[in-house]
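Notes to accompany the following structure.
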């Protein structure tokens, strides 16, 4: 066989391109889009030599991306009024385009993905097994079918991975008897740091927040268990003064179709005092470090998380935390005094009083395992294994 041009010139062959699917940016919200953006930013900052491409369905509103990322908009199939059908056929098209870019391409799917024809070298992420244990999360028959195909696709990939040891155990139990997913833990963006006091004060004024408050961030699906937090806050407030509880994000209607927490109903049932529950609505991602920094305490009563960004975001800026003693939280918050039984609002009520009077006791150190350099190093090692 004649030598390649690289061999003749004595230069090393160019690295294959990394091609990232952006379907999560078009069809999901919450933690998965944040995961994709952090992946893209981290890969760009690592300057590893890999060309980086993002394939994203057309008409997707993108946040600002690093200039090293080449963005290609792919056709979005079928009407957006049928999102699951649209996602399936759009994914087929996106995978086909990825195959045409470069036969050596490393194709990364950062969330559930299915296609019939796809690039040879693949890294597939499955975030958790929630659809297998929660009927509401599993959704309609077509969504359950799609999930089964996504798992089959992921298990055939050169690297099948998930985001925590807990999620790996859960996925192995439900799907991995013949293969256990690798663990590529989530990480925090290198730019996510505690802002200056002036920025914290400015955000507090913009949102109309008091000097002291208890913060909840994390969505309102039923398994988020926010009613427990509202009930505990009311119980504690009936015994002694307590900072107000701030619920961030849009509060969904009970008729929204995904079985959300009954926030307003629980406020009524718990006889919450006027002004004790504050709802500032949507807060921009760029304002979140200042919001965590302004809080007296962050609390998450969620019953299930594959990873759970909010507690880690709080820990990065030094905000005291209380989290449910469930799922991945036992892994990312190893300090037992910062965890509580999410089925016992009375226990949480007592801890709310303790933590707001002595917040320094509930400050959990941020682990280097979840910093960007560690996270991207794990990712790049997995990528290199696909073309070694």
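The values are calculated or read from the model by the stated rules, or taken from the named source; none is laboratory data. Remember, predicted model here, so these are calculated numbers, not experimental data. Cβ sites come from the backbone with ideal geometry, for glycine too, and all protein chains shown count toward neighbours.
What the table shows:
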item: Total residues in region 354-382, condition assigned to a helix (DSSP H, G or I) and out of contact with any helix residue (DSSP H, G or I) (no Cβ under 9 Å at 6 or more places or on another chain); result: 6
item: Long-range neighbours under 8 Å by Cβ, at least six apart or interchain, first residue within 15 Å of residue 75 (Cβ to Cβ) within region 96-111, second part of a strand (DSSP E or B); result: 97/55; 97/72; 97/74; 98/19; 98/21; 98/55; 98/107
item: Residue 207 in contact (Cβ under 8 Å) with a residue 12 or more places away in the chain, within 23 Å of residue 311 (Cβ to Cβ) and surrounded by 20 or more Cβ atoms within 10 Å (Cβ to Cβ); result: no
item: Within region 281-308, considering residues that are part of a helix (DSSP H, G or I) and at pLDDT 95 or above, the one surrounded by the most Cβ atoms within 10 Å (Cβ to Cβ); result: 291
item: Sole residue being crowded, with 16+ Cβ neighbours inside 10 Å, under 28 Å from residue 260 (Cβ atoms) and outside the structural domain of residue 323 (by TED's automatic domain parsing), chosen from 213, 166; result: 166
item: Those strands (runs of 3 or more DSSP E) lying entirely in region 12-123 with at least 3 residues closer than 27 Å to residue 183 by Cα and at pLDDT 95 or above; result: 18-21, 52-57, 106-109
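Yes or no, residue by residue, for (1) outside the structural domain of residue 56 (by TED's automatic domain parsing); (2) crowded, with 21+ Cβ neighbours inside 10 Å; (3) within 28 Å of residue 261 (Cα to Cα):
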site: 101; (1), (2), (3): no, no, no
site: 105; (1), (2), (3): no, yes, no
site: 111; (1), (2), (3): no, yes, yes
site: 122; (1), (2), (3): no, yes, no
site: 126; (1), (2), (3): no, yes, yes
site: 134; (1), (2), (3): no, no, yes
site: 137; (1), (2), (3): no, no, yes
site: 142; (1), (2), (3): no, no, yes
site: 155; (1), (2), (3): no, no, no
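Let's see how each residue does on (1) within 22 Å of the chain's Cα centre (by Cα); (2) surrounded by fewer than 20 Cβ atoms within 10 Å (Cβ to Cβ); (3) not in a loop (DSSP other than H, G, I, E, B):
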{"position": "191", "(1), (2), (3)": "yes, yes, no"}
{"position": "201", "(1), (2), (3)": "no, yes, yes"}
{"position": "232", "(1), (2), (3)": "no, no, yes"}
{"position": "238", "(1), (2), (3)": "no, yes, yes"}
{"position": "247", "(1), (2), (3)": "yes, no, yes"}
{"position": "268", "(1), (2), (3)": "no, yes, yes"}
{"position": "273", "(1), (2), (3)": "no, yes, no"}
{"position": "278", "(1), (2), (3)": "no, yes, yes"}
